[in-house]
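Student: Structure below; questions to follow.
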Amino acid sequence: MIRLRFLPVFLLLLASPSVFALTAVRLKNGVEIKGDIISEKTDHIVIDLGFTVLTVPRDEIDHIIAEKAPPASAAGDELTDLYRVNSGQPSLTVKENVERCGDAVVEVRTPIGLGSGFIINPAGYVVTNEHVIAGEYKISITQFRHGPAELERVQFNNVRIVAFDPRLDLALLKIEDAGSTVFPTVPLGDSNALTEGQTVFAIGSPLGLDRSVSQGIIAQKNRPLDGQLYIQTTAQVNPGNSGGPLFNLRGEVVGVNDMKAMMIGVEGLNFSVPSAVVKNFLRNRDAFAFDPRNPNAGYRYLEPPQPVKTRPTLPKLP
């Protein structure tokens with residue numbers, strides 16, 4: 001069964017962080033490696049060299065020299081502890097973008113439904129819709145990797161809910177059984193810079209048909225619905241696309257596919273949560289932190305103790 005949720009207007013909802021730091025690693029044989037450390041383990045570190053990723057055993061390292069990273073404006077990148085933004089990726093065709101971004105789009109499954117998601121951090125942090133995992137504890141994520149000869153399906157069954165907000169319909173998950181895997185990621189774009197008529201495309205698993213791609217345009221970048229702002233797009237989405245990314249042609253996620261209009265004779269009315277909202281959710285994820293003792297909200301806040309009111313002593317009647 002594919003999880004769905006309805007709104008009164010017949011809109012159908014589709015069902016320790018790494019810090020990127022420029023460093024120089026000096027090996028015991030005198031070789032120096034420069035890149036971004038994207039993962040640190042007790043026995044090795046993983047360095048992003050830009051064109052490839054290198055795993056270096058710690059017993060081969062002489063010392064690590066941290067270098068000051070350039071300002072975000074100079075590097076063309078927003079330095080965060082969880083997600084990245086485009087650092088000058090060129091615009092490509094939809095076909096070329098699918099090759100560039102497809103490995104970071106995943107399928108999210110629960111015992112009663114499925115949806116989509118996308119990886120934002122090499123350590124295995126995944127963004128999806130809240131309604132995809134609402135009320136569930138047993139969550140699995142399937143990644144589709146391009147192997148040497150064929151496409152590989154890799155399933156992770158130990159997935160933790162980090163944060164979620166039902167009002168925004170956003171959730172942050174963490175793959176816990178990845179071992180030393182360094183995941184491919186997609187950058188978050190600027191949804192405020194979208195223009196009507198701009199080409200966008202979606203990747204997801206509508207009706208369980210994984211790796212499905214649909215293309216469309218921005219119909220309206222700020223559509224108010226039920227007190228929230230959404231991106232209205234003609235890129236076709238269906239149940240199972242929930243939580244999947246809406247991309248621009250630079251390979252940036254500009255929205256999270258969330259719902260579509262379900263009325264007889266109505267087509268092409270699809271809606272996504274803007275990436276500006278996603279960034280704010282991620283930056284303030286502590287406020288939306290998931291507490292398994294209280295799955296209907298974030299942290300459980302107790303009411304402060306109230307002062308005890310004493311009744312005045314009344315004189316006894318004779």
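Student: Within 10 Å of each candidate Cβ there may be at most 16 other Cβ atoms; applying that plus a DSSP loop requirement, which GluC sites (Glu not before Pro) in segment 150-228 survive?
Tutor: Sites meeting the loop and neighbour criteria: 150, 176, 196.
Student: What residues qualify as long-range amide H neighbours of residue 198, i.e. H under 5 Å apart, gap of 5 or more or another chain, H built at 1.01 Å from N?
Tutor: 218
Student: Roughly speaking, what is the stretch gain from residue 58 to residue 151, that is 0.36 nm per residue apart minus the C-alpha to C-alpha distance, in nm to one decimal?
Tutor: Gain on extension, residue 58 to residue 151, equals 30.3 nm.
Student: For residue 228, what residues show an amide H to amide H distance below 5 Å, using hydrogens built from the backbone and excluding near sequence neighbours?
Tutor: none
Student: Which ³J(HN,Hα) values in Hz, rounded to whole numbers, follow from the phi angles of segment 180-189 under the Karplus curve 6.51 cos²θ - 1.76 cosθ + 1.60, where θ = phi - 60° and Gly and Pro get x?
Tutor: 9, 4, 9, 7, x, 10, 10, x, 8, x
Student: Through the Karplus equation 6.51 cos²θ - 1.76 cosθ + 1.60, θ set to phi - 60°, convert the phi angles of segment 278-290 into ³J(HN,Hα) values in whole Hz; use x for Gly and Pro.
Tutor: Whole-Hz 3J(HN,Hα) from phi for segment 278-290: 4, 4, 5, 4, 5, 5, 10, 4, 4, 6, 10, 4, 7.
Student: Starting from the amide H of residue 242, placed 1.01 Å from N in the peptide plane, find each other amide H under 5 Å away whose residue is 5 or more places distant or on another chain.
Tutor: Amide H neighbours of residue 242: 15, 116.
Student: Check the straight Cα-Cα distances from residue 95 and name the aspartates and glutamates below 14 Å, setting aside those fewer than 8 residues away within the same chain.
Tutor: 103
Student: Here's a follow-up. Give me the extension gain from residue 291 to residue 160: residue separation times 0.36 nm, minus the current Cα-Cα distance, reported in nm with one decimal.
Tutor: 46.1 nm
Student: Right, another one. Just to confirm my numbers, what's the Cα centroid distance between segment 207-285 and segment 81-141 in Å?
Tutor: Value for the Cα centre distance between the two parts: 13 Å.
Student: Continuing with the same structure: For segment 74-167, run through the trypsin sites (Lys or Arg not before Pro) and keep only the ones in DSSP coil with at most 15 other Cβ atoms within 10 Å of their Cβ.
Tutor: Answer by residue number: 138, 167.
Student: Okay, next question. So which chymotrypsin sites (Phe, Trp or Tyr not before Pro) in segment 93-201 are both in a DSSP loop and have at most 13 other Cβ atoms within 10 Å of their Cβ?
Tutor: Passing both the DSSP loop test and the Cβ count: 137.
Each reported figure results from applying straightforward, stated rules to the coordinates on display, with no laboratory input. Model, not experiment: these values are computed from the prediction. All Cβ positions, even for glycine, are placed from backbone atoms using ideal geometry, and neighbour counts span all protein chains on display.
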